[in-house]
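Where a number appears in this text, it was derived from the coordinates with a stated rule and is not lab data. All of these numbers come straight from a predicted model, not from anything done at the bench. Note: ideal-geometry Cβ built from the backbone for every residue, glycine included; neighbour counts use all protein chains shown.
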Amino acid sequence: MGRKTPLHDLHVAQGARMVDFGGWDMPVHYGSQLEEHHAVRRSAGIFDVSHMCVIDIRGAGVRAFLARLLANDVGKLRLAGKALYSCMLNERGGVIDDLIVYFMNESWFRLVVNAGTRDKDLDWIRARAADWGVTLDIIERSDLAMVAVQGPRAREVVAGLLDPVDRERALRLEPFFGTECGAWFVARTGYTGEDGFEVVVPAAEVESLWRALNAAGAASCGLGARDTLRLEAGMNLYGNDMDDDHHPLESGLAWTVAFEPLERDFIGRAALEAVRKSGSPLKLVGLLLQDRGVLRGHQKVVVPGIGEGEVTSGTFSPTLQRSIAFARVPKATSDSVQVDIRGKLLQARVVKLPFVRHGRALIEL
Amino acid sequence: MSQVPADLKYTRSHEWVRRLADGRLEIGITDHAQHALGDLVFVDVPEAGRALEAGAACAVVESVKAASDVYAPLTGTVVESNADLATSPEAINEDCYGKGWMIRIESADAAGFDGLLDAAAYAAVLAAEGG
């Protein structure tokens, strides 16, 4: 048996099919993964993301600490509540985890990290603080739960649960900003390519929040739909599309690495500078399958005349009604590849990510 | 509870077999299997003329989440496959014992047929699996 979120029993009561995800018992769907996917693209859906880990880091030196710890630059965070997506790298440039960091105030930053990497991340962060002789409070917030509310109706659904002052503040949030609303933290972030909020609440309040969101018309959605939505949205999944042995420049995440300012010496910088100088031999691309079938992680990609690669994540896209994937392929790959699916070489087109944003296809089929 | 029609034969790997009036055998996957797989989005069935060996993988069903093999319940030869599944794989979710049939075969494997599970035995397999 895995670890359980505070919503576990409610998921079971709602008919969820539960699976292991990173050591947690999580809902994969509540009946139909496809309907849940469409609910998010067309209206509003809710996801239990309480398995993800909120880490509050408090202390006078927190900004300088994170400037060394993270590949993206927390120097970009000047306005309270602003969020930044970043990788945390090892010295080889490999990705220990991807995370979101929120600037709360000068002595308090909040990280949200992946479930499966929680212990590894905490160990790493604490060890670096010790190495660098920095005194910080690094607090794992197991007392909190988190619900992602996503879709074109998501913000109005959440706003309806807030008192007038908090409601106005939440609705004024620009994308990638968060704000405290009493004991809640509401951020305009997500992992679906739709508008919406991620809401962090005390664990004891999350069941009533979930029921209220259902009552307001938001559909309970499982990790299955979360995966198809994030793939359509061109968003990486840690462990599939990047990991300790793959750096951001071969994982479609070059945009998250802040090489400027030059004097900021973050962990992994030297390794990535070396890769950048010689040019990464591999790149991550989007694939659209031209033939019938379904692309899946670890399938072999053949690039005629150039070499081979591998699908890192693949699925059937409910919005496009076609199979889509991310694949790590040789740098010289241009617009077409073949994928080995059960011994047959099928045609796939290389496309620009994302596949879907705000309910609309961004690629031609 | 999964549906287990009384007039069909079954395998432990969740295929069903129906003897048609002309003696051919119709094969598909069970209600338990389609429910466990979830929404199906792709089905690959063998073409007419393909020789099947009992217990060997003969078709693939893919849900949004994963691909699964379908095993031949009997040794025989495919005489017809359900072409509608290419465009409507969801037929298996909606009606796995009817319009979601996968293949029709001819088989001289009488011993194999007698060795299939009847509905009560298959229901017991499901009960033992907790489903």
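Below is a table of values for the structure above.
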quantity: At most 15 other Cβ within 10 Å, DSSP loop - trypsin sites (Lys or Arg not before Pro), the stretch A:93-189; calculated: A:Arg172
quantity: Separation of alpha-carbon centers, the stretch A:36-90 and the stretch A:229-260, rounded to whole Å; calculated: 15
quantity: Two-site FRET efficiency, B:Ala108 against B:Ala83, from Cβ-Cβ distance with R₀ of 41 Å, rounded to 0.05; calculated: 0.95
quantity: 25 Å tail of the calculated P(r), the stretch A:230-365, as % of Cα pairs; calculated: 28
quantity: Sites matching GluC sites (Glu not before Pro) across the stretch A:102-191 that sit in DSSP coil, with at most 16 neighbouring C-beta atoms within 10 Å; calculated: A:Glu106
quantity: Per-q log10 I(q)/I(0), chain B, q = 0.13, 0.16, 0.21 Å⁻¹ (Debye; single scatterer per alpha-carbon; no solvent); calculated: -0.47, -0.73, -1.30
quantity: Reference-scaled alpha-carbon Rg (2.2 N^0.38 Å with N residues) for the stretch A:111-154; calculated: 1.58
quantity: 3J(HN,Hα) from dihedral phi, the stretch A:149-164, Karplus parametrisation 6.51/-1.76/1.60, rounded to Hz, x for glycine, proline; calculated: 10, 9, x, x, 9, 4, 5, 5, 5, 5, 4, x, 9, 9, 6, x
quantity: For the protein assembly as shown, alpha-carbon Rg and Dmax in angstrom; calculated: 25.3, 83
quantity: Per-q log10 I(q)/I(0), the stretch B:73-123, q = 0.15, 0.23, 0.24 Å⁻¹ (Debye; single scatterer per alpha-carbon; no solvent); calculated: -0.55, -0.94, -0.96
quantity: Cα-based equivalent ellipsoid of the stretch A:250-309: semi-axis lengths in Å, sorted from largest, via gyration tensor; calculated: 32, 14, 9
quantity: Charge sum, other residues only, whose C-beta stays under 9 Å from A:Val285's C-beta, Lys/Arg counted +1 and Asp/Glu -1; calculated: +3
quantity: Built amide H within the under 5 Å cut-off of B:Cys58, gap 5+; calculated: B:Val70, B:Tyr71, B:Ala72
quantity: Simple spin-label estimate for A:Ala215 and A:Glu140 in nanometres, 7 Å along Cα-Cβ; calculated: 3.5
quantity: Within a Gaussian network of chain A (alpha carbon springs, distance under 10 Å), most fluctuating of A:Leu66, A:Leu284, A:Leu262; calculated: A:Leu262
quantity: Mean separation of Cα contacts under 8 Å, 6 or more apart, over the residue count of chain A: relative contact order %; calculated: 18
quantity: Inter-chain shielding of B:35-46 (mean C-beta neighbours from other protein chains, 10 Å cut-off); calculated: 4
quantity: Listed residues B:Gly100, B:Gly23, B:Gly49, most fluctuating in chain B (Gaussian network, C-alpha, under 10 Å); calculated: B:Gly23
quantity: Compactness of the stretch A:131-254 as Cα Rg over 2.2 N^0.38 Å, two decimals; calculated: 1.22
quantity: Contact order relative to length of chain B, as percent, for alpha carbon pairs under 8 angstrom and 6 or more apart; calculated: 30
quantity: Loop GluC sites (Glu not before Pro), the stretch B:43-129 (other Cβ atoms within 10 Å of the site Cβ: 10 or fewer; DSSP); calculated: B:Glu47
quantity: Expected-Rg normalisation [2.2 N^0.38 Å, Cα atoms] applied to the stretch A:4-73; calculated: 1.58
quantity: Of B:Ile105, B:Ala123, B:Ile92, farthest towards positive along the dipole that unit charges on Lys, Arg, Asp, Glu beta carbons give the stretch B:91-131; calculated: B:Ile92
quantity: Cβ-based net charge around A:Leu345, under 12 Å, with every Lys or Arg adding one and every Asp or Glu removing one; calculated: 0
quantity: Average beta carbon contacts from partner chains per residue of A:288-298, 10 Å cutoff; calculated: 2
quantity: Kirkwood estimate for the stretch A:52-117, i.e. one over the average of 1/r between Cα atoms, Å; calculated: 11.9
quantity: Enclosed volume per residue, in Å³, of the convex hull spanned by Cα atoms of the stretch A:1-137; calculated: 141
quantity: Peptide B:59-71 - average C-beta neighbours from other chains (10 Å radius); calculated: 4
quantity: The stretch A:193-236: proportion of alpha-carbon pairs further apart than 14 angstrom, %; calculated: 63
